[in-house]
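Asker: Input: one structure, supplied below.
The values are calculated or read from the model by the stated rules, or taken from the named source; none is laboratory data. Computed from a prediction, not measured in an experiment: that's the story for all the values here. With ideal geometry, Cβ positions are generated from the backbone for all residues, glycine too; neighbour counts draw on all protein chains shown. For accessibility, only protein heavy atoms count, side chains too; no ligands or nucleic acids. Shrake-Rupley method; radii C 1.70, N 1.55, O 1.52, S 1.80 Å.
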Amino acid sequence: MSLRDALRIPASRITDERVYLERRRLLQTLAAAPALALAGCAEAEPPAPPKVTVTPEQARSGFRTTETLTRFEDVSSYNNFYEFGTGKADPSNARKTLKTSPWSVVVGGECAKPGRIALEDLVKGLTPEERVYRLRCVEGWSMVIPWLGVPLGQVLKKFEPTSKAKYVAFTTLADPVQMPGVRYRSINWPYREGLRIDEAMHPLTLLATGLYGKPLPQQNGAPLRLVVPWKYGFKSIKSIVEIMFVEKMPETAWHDLQPSEYGFFSNVNPNVDHPRWSQKTERRIAGTQSKLFAERIPTRMFNGYADQVASMYAGLDLKKWY
Ligand SMILES: Nc1nc2c(c(=O)[nH]1)N[C@H]1C(S)=C(S)[C@@H](COP(=O)(O)O)O[C@H]1N2
Ligand SMILES: [Mo]
């Protein structure tokens, strides 16, 4: 792409950029904005990603969409991982500093078998499955990503949660040595997320260990991250070091920062706008569409997974419980 083309920024992109900058401003980050518009221009165009085929059974389950995949190059270079900085390209530096092996996770709270468990043992006996999911960021962009992982519910059952386990709380590593962004109090570290127990046990909810058939890149949350495809991307917490079964709805990092804007549920919902921007459409970064000029498409209820998940929210006022 020539510099001239790069500077012909469409109105749609300017809107996106404002949303992105507003979210950053909220974090009171003092760093100067990087030269975003030019960041991708030197890239050679990689080939289009492969096509996906699915069985009718997989389609009904929501496990695999046939929508055009986002290229590996985009999935692994346009990221949100604030532990490494608030710019989209900052998390790529995680490759150099985040040590993902050995890795262990502390599991505890309301369960019969708490303890610290090595990653290998956590997923032992479970075969990684490929799930092709849409990922919708609250900022208004989306991707289609072929994950590798194990259903979270199958992992959680190993710890024998008690009847008091109404929610599951997750925590990311917060090491200022490996994660330079943690030196700044943009978020109240560590990054925390949570699910209601039925959401955690839902077959769509994945503990991802890879993508595109490879181990998870550091910037995507290696070695272990959550993927909850019907919720805004920030629920899909990266580089998990702690999983707790709890009785009360746990505090989460984005809710902690701005409760009026980021709720506990954060289900993708085109009818409930973010207080500062619309959620009716999204910019789909897929196929050969560049990050800068991706097409805008309508956002779907529960990110297109309503058939699989809507029943969990029957009777819940989704405007109140955003
Ligand atoms: N620990 C941690 N997890 C995180 C984030 C983060 O900043 N820190 N960002 C979230 C947001 S806003 C999104 S959209 C997704 C992005 O995942 P990806 O970079 O793999 O596409 O990760 C989520 N998980
Ligand atoms: Mo996001």
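Asker: Got at least one residue in region 117-134 being outside any helix (DSSP H, G or I) and within 16 Å of ligand 2 (Cβ to nearest atom)?
Answerer: Scanning region 117-134 turns up at least one residue that is outside any helix (DSSP H, G or I) and within 16 Å of ligand 2 (Cβ to nearest atom).
Asker: Looking at region 246-293, which of the residues that are of a type in the set (A, V, I, L, M) and either touching a His at 6+ places or on another chain (Cβ under 9 Å) or within 30 Å of T162 (Cβ to Cβ) (or both) is most open to solvent (accessible area, probe 1.4 Å)?
Answerer: M249
Asker: Another one. Please go through region 184-221 and pick out each residue that is within 10 Å of ligand 1 (Cβ to nearest atom) and open to solvent by less than 40 Å² (accessible area, probe 1.4 Å).
Answerer: Of everything in region 184-221, those that are within 10 Å of ligand 1 (Cβ to nearest atom) and open to solvent by less than 40 Å² (accessible area, probe 1.4 Å) turn out to be S186, I187, Y191, E193, A208, L211, L216, P217, Q219, N220, G221.
Asker: Could I ask something else about it? Could you tell me whether G181 is of a type outside the set (A, V, I, L, M, F, W, C), within 16 Å of ligand 2 (Cβ to nearest atom) and within 13 Å of the chain's Cα centre (by Cα)?
Answerer: Considered against the rule, which asks whether it is of a type outside the set (A, V, I, L, M, F, W, C), within 16 Å of ligand 2 (Cβ to nearest atom) and within 13 Å of the chain's Cα centre (by Cα), G181 comes out as no.
Asker: Only residues in region 130-155 that are under 18 Å from A222 (Cα atoms) and modelled with pLDDT of 95 or more count as the first member; pair them with residues that are part of a helix (DSSP H, G or I) and away from ligand 2 (no atom under 11 Å from the Cβ), Cβ under 7 angstrom, at least 6 apart or cross-chain, and list the lot.
Answerer: I145/V75; L152/A200; V155/L122
Asker: Here's something else I'd like to know. Say we look at region 65-96 and pick out the residues that are in contact with a Pro (Cβ under 9 Å, 6 or more places away or on another chain) and open to solvent by 60 Å² or more (accessible area, probe 1.4 Å); which of these is farthest from W254 (Cα to Cα)?
Answerer: Checked region 65-96; the qualifying residue farthest from W254 (Cα to Cα) is T68.
Asker: Looking only at region 145-202, count how many residues are among the small types (G, A, S) and part of a strand (DSSP E or B).
Answerer: 3
Asker: Would it be correct to say that T100 is assigned to a loop (DSSP other than H, G, I, E, B), more than 18 Å from the chain's Cα centre (by Cα) and at pLDDT below 95?
Answerer: Judged against the criteria, T100 is not a match.
Asker: Looking only at region 136-183, how many residues end up being more than 12 Å from ligand 1 (Cβ to nearest atom), farther than 26 Å from S101 by Cβ and not aromatic (F, W, Y)?
Answerer: 7
Asker: What number of residues in region 226-245 are open to solvent by 10 Å² or more (accessible area, probe 1.4 Å) and near ligand 1 (Cβ under 8 Å from one of its atoms)?
Answerer: Final tally of qualifying residues: 4.
Asker: Can you find a residue in region 240-257 that is basic (K, R), in a loop (DSSP other than H, G, I, E, B) and within 16 Å of ligand 2 (Cβ to nearest atom)?
Answerer: No - not one qualifying residue is present in region 240-257.
Asker: State the number of residues belonging to region 48-76 that are within 16 Å of ligand 1 (Cβ to nearest atom) and either free of Cβ contacts under 8 Å to residues at least 60 places away in the same chain or in a helix (DSSP H, G or I) (or both).
Answerer: 4
Asker: Any residue that is more than 12 Å from ligand 1 (Cβ to nearest atom), among the small types (G, A, S) and within 26 Å of L152 (Cα to Cα) - is there at least one of those in region 260-277?
Answerer: Among the residues of region 260-277, at least one is more than 12 Å from ligand 1 (Cβ to nearest atom), among the small types (G, A, S) and within 26 Å of L152 (Cα to Cα), which makes the answer yes.
Asker: Those residues that are outside any helix (DSSP H, G or I) and open to solvent by 90 Å² or more (accessible area, probe 1.4 Å), I need them from region 297-313; list them, please.
Answerer: P298, R300
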